[in-house]
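Q: Here it is, the structure in full.
The values are calculated or read from the model by the stated rules, or taken from the named source; none is laboratory data. Computed from a predicted model, the values in this text were never measured in an experiment. Neighbour counts run over all protein chains shown; Cβ positions are idealised from the backbone, glycine included. Protein only, heavy atoms only, side chains kept; ligands, DNA and RNA dropped before computing areas. Shrake-Rupley method; radii C 1.70, N 1.55, O 1.52, S 1.80 Å.
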Amino acid sequence: MVTVGITGGIGSGKSTVCAEWDKLGAVIVYADDLAKELMVGDQELVEEIRSAFGSESYFADGALNREFLASEAFARGRADELNKLVHPVVSKRVRDRMSRAEKEGADMFVEEAALLLDKGRPDIFDYIVLVTAGKSLRLDRVSERDGAPAEDVMARMKRQRCFDELLHLCDFVISNDSSLAELRREAVEVYHQMKGKGPESGAASQERAEL
């Protein structure tokens, strides 16, 4: 089974790439969705968040108070503190799902995560894929997608690291500065290369990987 990590900034198009890979049979885990699921479903994690951030972290019905936690994490500079609680639990669950996918005979397992490379290249992946796009394009896409004011989207973008600094950790770089059809075409091409069906199978050099 081929294992892949995919990352990129907000609005870069990595979810679209994953959607194409899903059609081709890959098992996809979205780290952000998994984190949200575990922050209400994993009781040990829930108690750790309550202990660190207070009872306001959850509503009376057990739902996550996202607005409060976002304010604590970003407005008060506690994002690293929250990440240190959540990420180890997410990482363990990703590995569990990867093992299950392999036992079930999956050809490819993919984790999509914006923070994938924050601590270097994870050793569980055969390939790392980075999806890039210009800042103005990403701003327009996210504003339209989320119905959010441009200044709010810019604030979210500024909280993410510069992905240009991570190019040396990646096997494939997909540039999403053209059309949706072109992005989908490139996604399929990279998928087949990672599966060993393309002319450049194997870990690509940075020069060859840029599409």
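Q: Looking at the chain, what % of its DSSP beta bridges pair antiparallel, to the nearest 5?
A: Values: 1 of 21 bridges.
DSSP beta bridges in the chain are roughly 5 percent antiparallel.
Q: Still on this structure, I have one more. Using Cα-Cα distances under 8 Å and only pairs 6 or more residues apart, what relative contact order does the chain have, in percent? Please report the intermediate quantities before stating the final value.
A: Values: 276 pairs, mean separation 69.9, N = 211.
After rounding, I find 33 percent.
Q: With only alpha-carbon atoms in the gyration tensor, what are the semi-axes of the equivalent ellipsoid for segment 1-81, in Å, largest first?
A: On the way: eigenvalues 182, 48, 24 Å².
Working through the eigenvalues yields semi-axes of 30, 15, 11 Å.
Q: I would also like to ask the following. Okay, which of segment 12-35 sit inside 13 Å, backbone N to the point 7 Å along the Cα-Cβ direction of residue 184?
A: Once the point is set 7 Å along Cα→Cβ of residue 184, 16-24 turn out to lie under 13 Å by backbone N, inside segment 12-35.
Q: Another question, if that's okay. What relative contact order, as a whole-number percentage, does segment 21-99 give when Cα pairs under 8 Å and 6 or more residues apart are counted?
A: On the way: 47 pairs, mean separation 23.4, N = 79.
Once divided by the residue count of segment 21-99, the mean separation gives 30 percent.
Q: Related question: Using just the Cα positions, wrap segment 62-114 in a convex hull and report its mean projected area in square nanometres, one decimal place. Write down the numbers at each step before the final one.
A: Numbers: hull surface 20.0 nm².
Its Cα hull, projected and averaged over all orientations, spans 5.0 nm².
Q: Counting each DSSP H run of 4 or more residues in the chain as -39500 (n - 2.57), what helix-only mean residue ellipticity at 222 nm follows after dividing by all residues, to the nearest 500 deg cm²/dmol? It would help to have the intermediate numbers written out before the result.
A: Working: 9 runs with 102 residues, N = 211.
After summing the helix terms and dividing by residue count, I get -15000 deg cm²/dmol.
Q: Relative contact order (percent) for segment 51-144, with alpha-carbon contacts under 8 angstrom and 6 or more residues of separation? Write down the numbers at each step before the final one.
A: Values: 22 pairs, mean separation 9.4, N = 94.
It rounds to 10 percent for segment 51-144.
Q: Rounded, prolate or oblate: pick one for segment 53-148, where a ≥ b ≥ c are the square roots of the eigenvalues of its C-alpha gyration tensor, a/c under 1.5 means rounded, and failing that, prolate if a/b is larger than b/c, else oblate. Could you put the intermediate results ahead of the total?
A: On the way: a/c = 1.92, a/b = 1.25, b/c = 1.54.
Oblate shape, in that a/c is at least 1.5 and b/c is the bigger or equal ratio.
Q: Enter the accessible area of residue 131 (Å², nearest 10), with the probe set to 1.4 Å and all protein chains included.
A: Accessible area, nearest 10 Å²: 0 Å².
Q: Let me ask something else. Which one is right for this structure if Cα extents along the principal axes in Å is calculated from it: (i) 40, 39, 33; (ii) 72, 52, 32; (iii) 55, 43, 28?
A: Derived directly from the coordinates: (iii).
Q: Still on this structure, please answer the following. At what distance in nm do the modelled label points of residue 158 and residue 99 sit from each other, each positioned 7 Å from its Cα along Cα→Cβ?
A: 4.3 nm
Q: Here's a follow-up. If a/c stays under 1.5 just call it rounded; otherwise compare a/b with b/c (prolate if a/b is bigger, oblate if not). Do that for segment 152-192, with a ≥ b ≥ c from the square roots of the Cα gyration tensor eigenvalues.
A: Values: a/c = 3.49, a/b = 1.47, b/c = 2.38.
Here segment 152-192 falls in the oblate category.
Q: Measure nothing but the geometry: give the 0 to 90° angle between the long axis through the Cα atoms of 43-53 and the longest principal axis through the Cα atoms of the chain, rounded to 10°.
A: 60 degrees
Q: Also, I was wondering about something else. Please list, in order, the residues from segment 79-111 whose amide nitrogen is less than 19 Å from a point placed 7 Å along the Cα→Cβ vector of residue 195.
A: The answer is 101-111, whose backbone nitrogens lie closer than 19 Å to the label point.
Q: If the viscosity is 1.306 mPa s and the temperature 10 °C, what translational diffusion coefficient in µm²/s does Stokes-Einstein give for segment 96-158 when Rh comes from Kirkwood over Cα pairs?
A: Values: Rh = 14.5 Å.
Answer from the Stokes-Einstein relation: 109 µm²/s.
Q: How would you classify segment 115-194 from its alpha-carbon gyration tensor, with a ≥ b ≥ c the square roots of the eigenvalues: rounded for a/c under 1.5, else prolate if a/b is greater than b/c, otherwise oblate? Walk me through the intermediate numbers first.
A: Numbers: a/c = 2.61, a/b = 1.32, b/c = 1.97.
Here segment 115-194 falls in the oblate category.
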